[in-house]
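Reading through the structure tokens given below for one structure.
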Amino acid sequence: MLVKIFIILIIVTSGFASSDETAANNTKLPILGDRVSGAVSAAQEKAIGEMFLKQVYSQAPLISDPIIFDYTEHLIYRLSEYSQVEDRYFSILLIDDDSLNAFAAPGGIIGINGGLFLNSDNEGQFSSVLAHELAHLSQRHFARNVLKSQDTNLASTLVMVSSIAIALISNNPNAMAVGPAILQSQNLRYSRLFEKEADRVGFMNLVNAGYDPKSMGEMFENMNNLRRLSGDLPPEFLLTHPLSSSRISDAFNAAENISSENTKKDSLEFSLMKSRLEVYYETIPSNSIRIFKARVENNPSDSNFYGLALAHSNNNNYTESIKLLDKLIAKYPKNLVLNNTKVDVLNAASKYDDALKLVNKFLEISPRNYPLSISKSKILLQIDKKFEAEEIIRDQLIRKNRDPELWLLLSEIQRAGQNIVGYHQSRAEYFILLGQNEKALNQLEFALQLTQNNFQVSERIMTKIVDIKEILNASRGL
């Protein structure tokens, strides 16, 4: 079992403004100039980010839940509209770990542990963390750190990012030992120098996005409670500043003179995501029913009813699950999360016609919706319409071409449909994204053997094989 590290790189200081005007001025970006781009160009940051992604994809357990991913993706892009991030193309990682953690990496990568949902009381608190991570990206803290270290050697930065990636995704701080000592010390200084700036910028962007200014301070209180409950303190080099009462008071002081009127209330969607993950992380399915039944009796909230519906579904009590979902849908008839959940429960209950009718209804309202499309492809697979299922996933890959989960799902659909050449090709794309080029090469060679009578497909596969061999030879110094 992974060791849980209760951290989040989010520091609030007394440098926060005491008025709207002063605080707004504090969000100005530093003049980065050509010196920063000279240290690490935007193209290099993207290259480093791609390597980071491969580390995560190949080693970290990820949450494979289209509904949670879709919610998180939309929230990040919505918050980014209030940030100073110029290149708003993000790679979002949902790490399957119930400890509280999040991180930003070069190339627009934002990683979020499942535990961030569990330890946030509302969407404002959750968004305060995301706003902070977006500030790391907009301020180009990674590139500025490289500039400060006076080490513009890209190979060195790759070593550092690789070691940080392994440490983050494995919750194993000792993984940092693979990097040179100088890079470890620079990473420490990186946190101390730039966390304050990311806090200040993230705070005002959060306020500008319409969230309660107190959200960030409330998140600190949650973290402080975790520290008191946790017997093992996180490593100091990952926890960049110790939690203290002053940090919490500074956060609330920053919000004191900023009006909280007309701020966003907690969204229904966030509370549904939190219940969804609470059920997901319960190792004994029957316990979920007991837990959420007790919650419904004490607090008959929508999210508690939703959690109970999911708990029943996980215990194969599909009739009871659908009954609870129908009550919620009667209250929120157009809610995509509730209706998508009902689609999935109907599919699990083998009520394929009802599931297909419902998913088609909402795909007409929200064409190409990611979680609805995934659900529909799975229904079609069950009713032996494998070609239609494959077409839906291919359509999603037009926008999410770098999503290994989609390539894996496509390969499974193709295998079920006896499209063996397509299966090997999709598996190869999956392994490429994981940085496992040898396995990708093997898959393509299998596919090539089956396409000798199809010149166009053979040529396409051969081109891919040549590209991979060049990458492998370069990595071996050949």
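The values are calculated or read from the model by the stated rules, or taken from the named source; none is laboratory data. Just so it is clear, the structure is predicted and the values come from calculations on it, not from any experiment. Every residue, glycine as well, gets a Cβ built from its backbone with ideal geometry; the counts of neighbours run over all protein chains shown.
Numerical summary
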| quantity | calculated |
| --- | --- |
| Count of residues meeting criterion [free of Cβ contacts under 8 Å to residues at least 24 places away in the same chain and touching a Ser or Thr at 6+ places or on another chain (Cβ under 9 Å)] in the stretch 330-363 | 3 |
| Qualifying residue in the stretch 123-143 (condition: surrounded by fewer than 24 Cβ atoms within 10 Å (Cβ to Cβ), under 30 Å from L229 (Cα atoms) and among the polar types (S, T, N, Q)) | no |
| Residue in the stretch 227-240 that is hydroxyl-bearing (S, T, Y), modelled with pLDDT of 85 or more, assigned to a loop (DSSP other than H, G, I, E, B) and over 19 Å from A104 (Cα atoms) present | no |
| Subset of the stretch 287-309 [closer than 19 Å to N339 by Cβ and either of a type in the set (D, E, K, R) or more than 27 Å from the chain's Cα centre (by Cα) (or both)] | D302 |
| Filtered residues of the stretch 70-115 (kept if closer than 25 Å to G210 by Cβ and either in the same structural domain as M273 (by TED's automatic domain parsing) or acidic (D, E) (or both)) | D70, E73, E81, E86, D87 |
| Residue list for the stretch 457-478, filter: of a type in the set (G, A, S) and either more than 29 Å from I48 (Cα to Cα) or in a helix (DSSP H, G or I) (or both) | S458, A474, S475 |
| Test result for S426, in the same structural domain as L356 (by TED's automatic domain parsing), under 30 Å from K334 (Cα atoms) and either touching a helix residue (DSSP H, G or I) at 6+ places or on another chain (Cβ under 7 Å) or of a type in the set (K, R) (or both) | no |
| Subset of the stretch 297-309 [out of contact with any Lys or Arg (no Cβ under 6 Å at 6 or more places or on another chain), assigned to a helix (DSSP H, G or I) and either surrounded by fewer than 15 Cβ atoms within 10 Å (Cβ to Cβ) or touching a residue at least 24 places away in the same chain (Cβ under 8 Å) (or both)] | E297, N298, D302, S303, Y306, G307, A309 |
| Complete set of residues in the stretch 82-93 that are closer than 12 Å to A135 by Cα and surrounded by fewer than 17 Cβ atoms within 10 Å (Cβ to Cβ) | Q84, E86 |
